[in-house]
Amino acid sequence: MFIRAFSVMAVASMIITSSAFGAELVVMSSVGARSVMDELGPQFERASGVVLSFRYDTAAALQRAMEDGARFDVAVLTSPVMSVLTAANKIAGADQSTFASALIAVAVKHGAAKPDISTREMFVQTLLSADKISYAKQGASGQHFQRVLKQLNLDEALRDKLLPMTGAKEIEAVADGLATLGVQLISEILPIEGVDLVGPLPGDLQNGIELKIAVSAETKSADMARRFIAYATSSAAADVIRAKGMIPP
């Protein structure tokens with residue numbers, strides 16, 4: 001861990017100049033990347049002297065905020081939302097990169113038996129056997145899970161078992177015993193105490209969520225924003241991305 005942290009900070013040092021000290025960047029990020037940013041952010045701040053102010057929410061909620069005029073310098077959002085905001089001239093089209101992708105997975109309460117979800121058939125049986133299934137009411141993972149239920153013709157059969165949650169509480173609901181299964185990105189499952197990761201959705205039921213990182217079209221700190229993006233997409237940062245359950249580009 002020390003070597004990893006040192007290498008990340010070394011990359012940051014190479015891309016920062018002394019004029020950066022005292023600068024501030026507002027980063028609006030999907031909650032799917034929070035565990036990564038919680039580690040990369042402080043390291044970048046220590047190496048650069050730049051203050052990072054993070055705002056986390058679902059990509060859809062951040063999109064609405066940006067469209068309503070919220071100020072930001074860097075965005076970390078799902079690819080479809082990034083495309084919409086680029087077309088709306090909220091995001092600089094030339095200043096964006098693929099940040100990471102994450103798989104949608106299932107969690108159970110810590111210590112509970114882990115069901116077999118390795119095949120479509122076993123996944124269906126697991127869903128039918130569950131008492132309650134929590135998922136994000138908004139956000140890419142929840143939208144995909146609802147599509148999967150319709151694809152499997154389970155949306156009606158599971159109606160009374162579904163527990164849509166807001167405020168990124170769907171995995172905490174599993175830890176608290178409110179749900180027997182939780183469906184969310186691996187990167188959002190791993191940081192939550194009191195739950196165990198079962199595994200990703202099987203086969204063609206899976207849909208990796210791609211996140212992109214980009215510069216605001218209206219930022220007054222474009223150069224520093226680009227430097228943060230270079231840092232967050234470096235090979236050293238990729239080690240942190242993997243450790244948090246995401247897949248670097």
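Counting only alpha carbon atoms, the long axis of helix 34-48 and the longest principal axis of the chain meet at about 10°.
Calculated from DSSP H runs of 4 or more alone, at -39500 (n - 2.57) each and per residue, what is the 222 nm mean residue ellipticity of the chain, nearest 500? Using -39500 (n - 2.57) per qualifying helix, the result is -11500 deg cm²/dmol. Starting from the amide H of ASP95, placed 1.01 Å from N in the peptide plane, find each other amide H under 5 Å away whose residue is 5 or more places distant or on another chain. Correct list: VAL215.
Within the chain, the longest run free of exposed loop sites, counting GluC sites (Glu not before Pro) that sit outside DSSP helix and strand states (H, G, I, E, B) and have at most 16 other Cβ atoms within 10 Å, spans 1-155.
Summing Lys, Arg as +1 and Asp, Glu as -1, what charge do residues with Cβ under 10 Å from the Cβ of PRO191 carry, PRO191 excluded? Around PRO191, the charge tally is -1. Could you give the angle, 0 to 90 degrees to the nearest 10, between helix 2-14's Cα long axis and the longest principal axis of the Cα atoms of the chain? Relative to the chain, helix 2-14 is tipped by roughly 40 degrees.
Close amide H pairs (under 5 Å, H built 1.01 Å from N) link LEU185 with ALA105, residues at least 5 positions away or on another chain. Treating each Cα of the stretch 104-205 as an identical point scatterer and summing with the Debye formula, the log10 of I(q)/I(0) at q = 0.10, 0.13 Å⁻¹ comes to -0.21, -0.37. The order of SER53, SER48, going from fewest to most other C-beta atoms within 10 Å of their C-beta, is SER53, SER48. For VAL84, neighbours were defined as the other residues whose beta-carbon sits under 13 Å from its Cβ, and their charges (Lys and Arg +1, Asp and Glu -1) total +2.
If neighbour count is taken as other Cβ atoms inside 10 Å, put MET246, MET37 in order from fewest to most.
Values: MET246 25, MET37 22.
Neighbour counts put them in this order, fewest first: MET37, MET246.
Taking amide H positions as modeled 1.01 Å from N, with prolines and chain starts lacking one, the residues under 5 Å from VAL51 and 5 or more places away or on another chain are GLY22, ALA23, GLU24, LEU25. Here the Debye sum runs over all C-alpha atoms of the chain as equal scatterers in vacuum, and log10 of I(q)/I(0) at q = 0.07, 0.16 Å⁻¹ comes out as -0.25, -1.10.
Working note: Karplus 6.51/-1.76/1.60 with θ = phi - 60° gives the stretch 66-80 the couplings 5, 5, 8, x, 4, 7, 7, 10, 10, 10, 10, 9, 5, 4, x Hz, where Gly and Pro are set to x. Residues VAL84, VAL36, arranged from fewest to most other Cβ atoms within 10 angstrom of their Cβ, appear as VAL84, VAL36. Counting only Cβ charges, +1 for Lys and Arg and -1 for Asp and Glu, the dipole size of the chain around its Cα centre is about 220 debye. For the chain, the residue among SER97, THR166, MET66 whose Cα projects farthest onto the positive side of the dipole built from Cβ charges is SER97.
Provide the net charge surrounding SER101, with neighbours chosen by a C-beta distance below 13 Å and charges set as Lys +1, Arg +1, Asp -1, Glu -1. Walk me through the intermediate numbers first.
Working: positive: LYS212, ARG242, LYS244; negative: GLU210.
Result for the neighbourhood of SER101: +2.
Throughout, read-outs are computed from the coordinates displayed, never taken from laboratory work. Nothing here was measured: the structure is a model prediction, and the numbers come from that model. We place every Cβ from the backbone using ideal geometry, glycine too, and count neighbours over all the protein chains shown.
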